[in-house]
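Comments concern the structure below.
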Amino acid sequence: MPKVHNGADSGSGRARGRRVSTSLAEINVVPLVDVMLVLLIIFMVTAPLMQRGIDVNLPVARRATAIEGERVFVTIPASYRRDGMLYVNDERVRSEALKERIRQKMEVATDKSVYLRGDSGVQLQELMTIMDWLKDAGVLSVGLVAKAPGEL
């Protein structure tokens, strides 16, 4: 709050007008708020661009239906032949550890189903091998995921 001083000149006999001074303890927060709003807008724009999924080119099926509820997905990317890496949901897993990881998930799951998503470049023998591993891990049914013809 500005302070008002009644100033009278002590030797001249003339009265001075009122003088207003401000305290230096007050902080102007307007520039801080402006900077924070700009940073908020920058993060709101860039956050969706930073999320990246797994690139899989699914095969197309005419009768594909949407999957409802929480499911376990095993994804076989096109790079599987080179590095032997799979994805259980969004977690990257070596093919040797797939059985144990699925066994752990099946212990707590009520629905013992796994959905297999394979890139269209993956060979049928690789799919069959992974399906055998899933059956060995305690999976009762394995579903193959495809996309509808109009889906991207």
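Laid out as a table, the results:
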quantity	calculated
Of all residues in the stretch 71-116 being among the acidic types (Asp, Glu) and touching a Lys or Arg at 6+ places or on another chain (Cβ under 9 Å), the one that is farthest from residue 130 (Cα to Cα)	111
Residue ranges of strands (runs of 3 or more DSSP E) in the stretch 82-152 with at least 1 members of a type in the set (Val, Ile, Thr) and farther than 22 Å from residue 59 by Cβ	91-94
Tally of residues being of a type in the set (Val, Ile, Thr), over 20 Å from residue 81 (Cα atoms) and modelled with pLDDT of 85 or more across the stretch 101-142	4
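Every residue, every condition in (1) under 20 Å from residue 139 (Cβ atoms); (2) surrounded by 10 or more Cβ atoms within 10 Å (Cβ to Cβ); (3) at pLDDT 85 or above, yes or no:
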| residue | (1), (2), (3) |
| --- | --- |
| 36 | no, yes, yes |
| 42 | no, yes, yes |
| 59 | no, yes, no |
| 66 | no, no, no |
| 99 | yes, yes, yes |
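The values are calculated or read from the model by the stated rules, or taken from the named source; none is laboratory data. Bear in mind that the values here come from a model prediction, so they are computed numbers and not experimental data. Cβ coordinates were reconstructed from backbone atoms using ideal geometry, including for glycine residues, and neighbour counts include every protein chain displayed.
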